[in-house]
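All remarks here apply to the structure that follows.
All of the numbers you see were taken from the coordinates with simple rules; none came from a lab. As the structure is a prediction and not an experimental result, all values here were calculated from the model. Cβ coordinates were reconstructed from backbone atoms using ideal geometry, including for glycine residues, and neighbour counts include every protein chain displayed.
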């Protein structure tokens with residue numbers, strides 16, 4: 001077996017833009033597209049998916065900024081998209097009056113660039129000056145340019161940062177804290193900045209003042225400026241690993257002060273006179289013991305001198321619950337909680353040194369997500385959805401019940417569609433929850449084509465969501481869909497995640513296999529009708545699962561995957577994930593990783609389903625070489641595959657709605673063909 005590239009006959013495919021490698025990509029793309037697009041259903045699938053993704057009655061999700069709501073919008077006319085705004089009052093009407101600020105299609109045509117909008121960061125509280133991030137083709141690396149909202153134009157001789165994996169934060173209208181590629185030796189091994197500087201308007205970037213310097217083994221060092229009505233606080237976030245960090249106050253002219261908080265704690269920011277953190281591990285401090293998963297409010301003033309003062313325990317989840325997000329407004333905190341993988345939202349208000357907790361009245365049994373909050377305002381925007389209920393966007397104020405202001409129309413016929421939460425027993429006896437969505441007309445005594453989706457990593461939770469394209473192309477036609485909440489995710493808090501980290505990675509694969517076996521044993525489906533799908537870490541999941549138990553499946557959609565786990569730390573941002581998977585240069589971890597690394601566990605003697613690999617040339621997070629090499633190796637073993645690599649798209653494998661529609665149509669044509677859904 002090849003380790004770290006030794007004797008790897010396909011390592012040449014790691015050359016992202018190498019002409020020979022791109023010729024191979026184009027050849028495989030041609031074969032795949034010719035076959036899948038020849039299916040008589042393809043045009044219908046593409047038209048339906050395009051209609052869903054470009055519909056003008058989609059919810060225009062926006063960011064609350066002062067008197068306005070800002071939104072980025074893509075449709076048939078605006079393929080690359082427009083950045084726009086409307087007043088909050090207008091936003092709450094059926095037909096908001098939008099003001100276009102920046103047209104990315106026109107900008108790309110004018111500058112002859114393949115621009116993809118990657119977001120804006122505006123200076124609070126008036127938000128008239130913004131930093132616009134533009135990516136070439138969708139990759140994580142961006143060019144940053146200063147934009148004047150009132151003039152609807154880029155600022156002449158304003159702040160400008162060349163392409164890099166840059167992070168910048170406003171201090172004031174004339175000052176930025178910035179981490180970028182400063183030249184040789186300025187990046188970590190993961191490819192992120194390790195140096196943060198203070199940059200003053202009117203000076204060249206190269207003469208910016210040093211603020212903080214991390215180490216090359218860090219994941220990265222990033223600026224963080226907290227703006228609130230009480231003032232601005234300058235900080236630097238040093239990611240020592242993916243799950244441990246340091247925070248430092250960085251006041252000009254004063255030595256940086258490290259906050260005395262647990263390294264593995266998640267920092268959520270400043271609220272009035274407290275600093276908010278949640279714990280990944282138990283923490284003993286000040287004579288008290290705080291359990292993993294707990295949300296704490298630390299007295300702010302002592303932290304500035306490196307000391308821990310008074311601590312309030314705000315929320316301590318149960319074994320089957322976890323905190324999914326923290327949102328900070330002017331006068332309240334909003335804490336979104338998952339309880340047995342179903343969402344709830346709580347408001348916390350501090351009144352006379354006492355915290356008051358209130359549950360926000362929202363629908364149950366689905367996903368609750370705060371889509372926008374602002375530390376200078378009290379209102380927030382909250383989205384609710386579940387597998388059969390289209391998204392509803394609500395405005396939530398300090399008083400009164402949530403007000404529905406937007407609703408997505410139904411995109412598929414959910415008549416007769418049933419949703420069941422079930423549990424499968426993993427190899428070690430752990431109960432693994434999963435959701436099963438049965439399509440219309442399903443009979444208890446018949447097996448049906450079923451897609452099983454999973455992720456299981458990085459403390460990321462999979463929750464019920466309204467999947468319009470899945471509903472239209474799969475459920476409405478009688479297929480079933482299952483979503484597995486396996487270990488490695490965040491559904492049940494830090495312990496659930498830690499249970500499948502590093503040397504315990506096999507548990508995630510065992511959990512996924514257990515769900516697949518449960519679907520088969522309960523006669524929901526059969527191996528000939530069962531397909532699996534996953535992207536990024538989920539691509540590793542389906543890659544490892546199919547190499548270990550190929551007889552369980554007849555389809556695999558492997559999206560932007562990690563597959564060569566013996567070399568992942570040497571490819572793009574891979575070094576930053578060593579805290580999740582372990583370091584393959586460590587002999588102990590190498591032995592563990594090599595047992596499940598999909599690329600190293602292919603066998604000529606095994607029969608595999610015809611895997612569909614989907615990736616992107618411009619993905620500068622997960623290297624496209626993973627998918628390229630796995631596909632090439634399978635072909636060398638005489639195993640048939642499909643392969644499609646979008647030349648644009650970044651880690652999402654698509655840069656606009658048209659590309660997303662094409663990819664979705666291809667995937668569901670493949671699934672329909674493999675699993676026999678007519």
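The alpha-carbon atoms of the range 36-96 define a convex hull whose volume equals 89 cubic angstrom per residue. In terms of the mean number of neighbouring beta-carbon atoms within 10 Å, the peptides 159-166, 308-315 order highest first as 159-166, 308-315. Extending 7 Å from Cα along the Cβ direction at residue 407 and again at residue 77 yields two label points whose distance is 2.6 nm.
With all pairs of separate Cα atoms included, the range 527-678 yields a Kirkwood hydrodynamic radius of 15.6 Å. Compute the FRET efficiency between residue 523 and residue 39 as 1/(1 + (r/R0)^6), taking r as their Cβ-Cβ distance and R0 = 30 Å, and round to the nearest 0.05. The pair residue 523/residue 39 has a calculated efficiency of 0.60. Using a simple spin-label model with pseudo-atoms 7 Å out from Cα toward Cβ, residue 106 and residue 356 lie 4.9 nm apart. Its Kirkwood hydrodynamic radius, worked out from the mean inverse distance over all distinct Cα pairs, puts the range 58-164 at 14.3 Å. A straight chain from residue 349 to residue 506 at 0.36 nm per residue would run longer than the Cα-Cα distance by 52.3 nm. Shown for 58, 660, 549: other C-beta atoms within 10 Å of each C-beta, ranked fewest to most, produce the order 549, 58, 660.
Size descriptors for the range 1-66: radius of gyration and Dmax over Cα atoms are 20.6, 59 Å. With helices as the sole contributors, the chain gives -5500 deg cm²/dmol at 222 nm; each DSSP H run of n ≥ 4 counts as -39500 (n - 2.57), and the sum is divided by every residue. How far, in degrees from 0 to 90, does helix 506-521 lean away from the longest principal axis of the Cα atoms of the chain, to the nearest 10? Helix 506-521 and the main axis of the chain meet at about 50 degrees. Once label points are set 7 Å from the Cα along Cα→Cβ at both residue 29 and residue 186, what is their separation, rounded to one decimal in nm? With each label placed 7 Å out from Cα toward Cβ, I get 3.3 nm. Extension gain, residue 89 to residue 605: 0.36 nm times the residue separation minus the Cα-Cα distance gives 179.3 nm. For the range 267-316, the spherically averaged projection of the C-alpha convex hull amounts to 3.2 nm². Each of 503, 446, 662 was scored by other Cβ atoms within 10 Å of its Cβ. Listed from fewest to most, they are 446, 503, 662. Estimated from the Cβ-Cβ distance and a Förster radius of 45 angstrom, the FRET efficiency linking residue 273 and residue 173 is about 0.95. Each of the peptides 626-632, 331-337, 355-361 was scored by the mean count of other Cβ atoms within 10 Å over its residues; in descending order, highest first, they stand as 626-632, 331-337, 355-361. Entry for the range 463-541 at q = 0.15, 0.17, 0.20, 0.21 Å⁻¹: log10 I(q)/I(0) = -0.63, -0.79, -1.02, -1.09, Debye formula applied to identical alpha-carbon scatterers, no solvent contribution. Its residue count N fixes a reference of 2.2 N^0.38 Å for the chain, and the Cα radius of gyration divided by that reference is 0.95. Once the convex hull of all Cα atoms in the range 166-258 is built, its volume per residue stands at 98 Å³. Extension gain, residue 399 to residue 440, is 10.7 nm, computed as 0.36 nm per intervening residue step minus the present C-alpha separation. Highest-first packing order for the peptide set 447-453, 189-195 is 447-453, 189-195, based on the mean count of other beta carbon atoms within 10 Å.
Calculate how steeply helix 657-675 sits against the longest principal axis of the alpha-carbon atoms of the chain, using the helix alpha-carbon long axis, and give the answer as 0 to 90 degrees to the nearest 10. For helix 657-675, the angle is close to 30 degrees. With R₀ set to 25 Å, the beta-carbon distance separating residue 316 from residue 232 gives a calculated FRET efficiency near 0.20. What angle, in degrees between 0 and 90 and rounded to the nearest 10, separates the Cα long axis of helix 42-54 from the longest principal axis of the Cα atoms of the chain? Tilt of helix 42-54: around 10 degrees. By the Cα gyration tensor, the range 319-408 has an equivalent ellipsoid whose semi-axes, rounded to whole angstrom, run 21, 17, 10 from largest to smallest.
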